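What follows is one structure encoded as structure tokens, with my remarks underneath.
The values are calculated or read from the model by the stated rules, or taken from the named source; none is laboratory data. Remember, it's a predicted structure, so these values are computed and weren't measured experimentally. As a convention, Cβ positions derive from the backbone with ideal geometry for all residues, glycine included, and neighbour counts pool all protein chains shown. Calculation scope for accessible area: heavy atoms of the full protein, side chains included, ligands and nucleic acids excluded. Shrake-Rupley method; radii C 1.70, N 1.55, O 1.52, S 1.80 Å.
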Amino acid sequence: MADNVENLMLEHLKRFQATLERIETKLDDLTSRVSNLESSVASIMQHLANLSAAGAAQQLSIDNINRRIDRIERRLELAN
């Protein structure tokens, strides 16, 4: 009877161990996937920052062109 109980306990422990190994494998996979997502988000944020900087540079150029046009209009007395 004691052998049956021992065998039953060993079988349960083997099942628990197998389940734990599957969980650990899935956790490793999920950890890797989250890491990839974090890298992707960081890359997207970097692209957005670059786009914002490019937009600011374009606005600065437009402002400079507008100042030059205003100065030209004043010199030619085209402004009302």
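When you look at Leu20, is it in a helix (DSSP H, G or I) and modelled with pLDDT of 95 or more, yes or no? For Leu20, the condition - in a helix (DSSP H, G or I) and modelled with pLDDT of 95 or more - is met. Name every residue in segment 55-79 that is of a type in the set (Asp, Glu) and surrounded by 10 or more Cβ atoms within 10 Å (Cβ to Cβ), in order of residue number. Listed by number, the residues that qualify are Asp63, Asp70, Glu73. One residue alone among Leu13, Leu78 is outside any helix (DSSP H, G or I) and out of contact with any strand residue (DSSP E or B) (no Cβ under 6 Å at 6 or more places or on another chain), and that residue is Leu78. Kindly evaluate Ala2 against the criterion of being under 39 Å from the mean Cα position of the chain (by Cα), open to solvent by less than 80 Å² (accessible area, probe 1.4 Å) and of a type outside the set (S, T, N, Q). Here the answer is no, as Ala2 does not meet what is asked.
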